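Read through the structure below, which is laid out as C-alpha cells, and then see the notes.
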Amino acid sequence: MSQPDWTRPADLRDQLQKRWDRGQLLRSCLPQAEPMFPLQLRLKQPNSNDLGNRFEQVRHWISQLQQLDSRYRLQYREINHRQLGRNQIPDSVWIDRLEDALQLLGQQRAARQFEHLAHTSLDLFPALHPWLSKHPLRALEQAAYWQQILAVLQWFSAHPHSQLYLRQLDIPGVDTKFIEQRRGLLGELLDLVLPATHINEQSRGVKGFCRRYGLLDKPQRIRMRILDPRLAIAGLTDLEVPAEQLAGLQLPLARVFVTENEVNALAFPELPDSVLLFGQGYALDVLGQIPWLSKQPLHYWGDIDTHGFAILNRLRTYLPHTQSMLMDHSTLLQHQALWGQEPADTACTSELPLLTCEEKSLYQALRENSLCNDDGQPFNNLRFEQEQTGFNWLQQYLQQL
C-alpha cells in the first residue's frame, strides 16, 4: 500500500520555514503590519475511505500530530464512521503567536535584530517602511552594517547637490568603498528618503549613482589623435582629455574620424585638417556632448559585423550626419581570406532604422547568414574586424575624400 500524503510534523515546519524565507514572519514585526497570528497551517488529512481502509495508518498519523511541540495548537473534529463509530481527528493546526513560530525555527535572535533595525530606521526615515516591508531579509543581511547605511542616508539628506567626488565624503565610520560596494542598495533607499528636487532623474543605475545624488562623477575622457602636425597643441598630437574640455577645443578642421580599435587609430595616416577620436565602443553618448562634432564631416569606422552596425546606428542618434567608412560590400569581399566569426549568442538582431539602404542591406545579410565564401557555402556569423583592413585599401579610401 502506497504511503499516504497526509501532512506530517516535518511538513508543518516546512510551511513555517517558507514563510520565513519569503520574509512574511519578519514583515509581521513592523509597525502597522497586518495581523498574521493566530496562523493556520495547511493540514492534508485522511478522508472517510482512509478511515476504513487505512485505520492503523490513520491512528499512527494522529499519534504523530499529538506529539507535536506544544506551540502547535491542534483543533479536532468528530467523525461518525459507519464501521468505526465516533472518532476525534485533527482538523486544523495553528500557531498562536509570532514568538512561537520564531522559537520553532530558531530565529528569535534574527527577528530581534530586524525589529531593532526597523525601529531605528523608521525613527529617522519613516519613508523606508514600504522598502522594509518588501525586503526584510535583504535588510537583515545588512544588519551588521545598518548603522553605516543610515549614516550615509543622513549625509545625503543633509548635503543635497554637494558636487563633491565620492572620495571626498567625510561620513564618520564610513569609507567610500563601503558606498561603492552598496550603490544598488543605497540607491533604492535614497530614492525613498530624498525629496525629488535632490535627485537627478536623468541618471539611473549603479553607474549613474554619483550624478543621480548630486556628486561629481569621474570625468568621461576621450582620446584624440591630431592627424595634421600643423594643428599640434604645444607639440602634442595624441591626447586624452575630459569630454567637457574637448567640447571647448577650437581647431580649423575639415573632417573628423571615429574608430574603436586602438591599433587602427595609432596607425591611421596623417591627413590635413583632420583629427581622429577612438576607444568609445558603445559609450557614444559622450560624443554627443561635443558641439563642434555636429558641424564637421564625421566618418565612423567600425567592424563589419552586427555590432559594428549597431554602434553606427547609435552614433547617428547623437550625430545624424555620421558617414560610415570601410563598412561596405567591396571592403568585405576584398578581404575574404580574413573573415572571422562573432559569437552567435551575442550577435545583434535589432532593427537599426538609422542605417542607409546600402548599410542596411549588408547588415541584413550578416543577420541572415546569406554571405557565402569561395566555395559558395553560407558563412555563418561573419565578422570582419577593422584592424584586418589592408593599409593600402585604407589609403586609397582616404585619397578619395
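Of the residues making up region 324-340, one or more are touching a Phe, Trp or Tyr at 6+ places or on another chain (Cβ under 6 Å), in a helix (DSSP H, G or I) and of a type in the set (A, V, I, L, M). With respect to the conditions (1) surrounded by fewer than 15 Cβ atoms within 10 Å (Cβ to Cβ); (2) within 22 Å of Arg383 (Cβ to Cβ); (3) modelled with pLDDT of 95 or more, Ala283 falls short on a single one, namely (3). Here the helices (runs of 4 or more DSSP H) wholly within region 119-189 that include at least 3 residues being modelled with pLDDT of 95 or more and more than 20 Å from Gly205 (Cβ to Cβ) are 129-134, 136-141, 146-158. Against the definition (in contact (Cβ under 8 Å) with a residue 40 or more places away in the chain and either more than 17 Å from Phe257 (Cα to Cα) or surrounded by fewer than 20 Cβ atoms within 10 Å (Cβ to Cβ) (or both)), how does Glu351 come out, yes or no? It is false that Glu351 is in contact (Cβ under 8 Å) with a residue 40 or more places away in the chain and either more than 17 Å from Phe257 (Cα to Cα) or surrounded by fewer than 20 Cβ atoms within 10 Å (Cβ to Cβ) (or both). The residues of region 160-187 that are within 18 Å of Ala127 (Cβ to Cβ) and surrounded by fewer than 17 Cβ atoms within 10 Å (Cβ to Cβ) amount to a single one, Pro160. Once region 74-128 is narrowed to residues that are of a type in the set (Asp, Glu) and in contact with a strand residue (DSSP E or B) (Cβ under 9 Å, 6 or more places away or on another chain), the residue that is farthest from Asn53 (Cα to Cα) is Asp100.
For Asn264, the test of being over 30 Å from Cys348 (Cα atoms), polar (S, T, N, Q) and not in a strand (DSSP E or B) is failed.
Just wondering, is there one or more residues in region 214-230 that are free of Cβ contacts under 8 Å to residues at least 60 places away in the same chain, more than 30 Å from Pro252 (Cα to Cα) and crowded, with 16+ Cβ neighbours inside 10 Å? Within region 214-230, one or more residues are free of Cβ contacts under 8 Å to residues at least 60 places away in the same chain, more than 30 Å from Pro252 (Cα to Cα) and crowded, with 16+ Cβ neighbours inside 10 Å. Ala310 meets the stated requirement of being touching a Cys at 6+ places or on another chain (Cβ under 7 Å), buried (at least 18 other Cβ atoms within 10 Å of the Cβ) and either not in a helix (DSSP H, G or I) or not polar (S, T, N, Q) (or both). Mind checking whether some residue in region 162-172 is outside the structural domain of Leu239 (by TED's automatic domain parsing), under 20 Å from the mean Cα position of the chain (by Cα) and not acidic (Asp, Glu)? No: zero hits.
The values are calculated or read from the model by the stated rules, or taken from the named source; none is laboratory data. Quick caveat: nothing in here was measured; it's all calculated off a predicted structure. Counting neighbours? That spans all protein chains shown, and the Cβs are built from the backbone with ideal geometry, glycine included.
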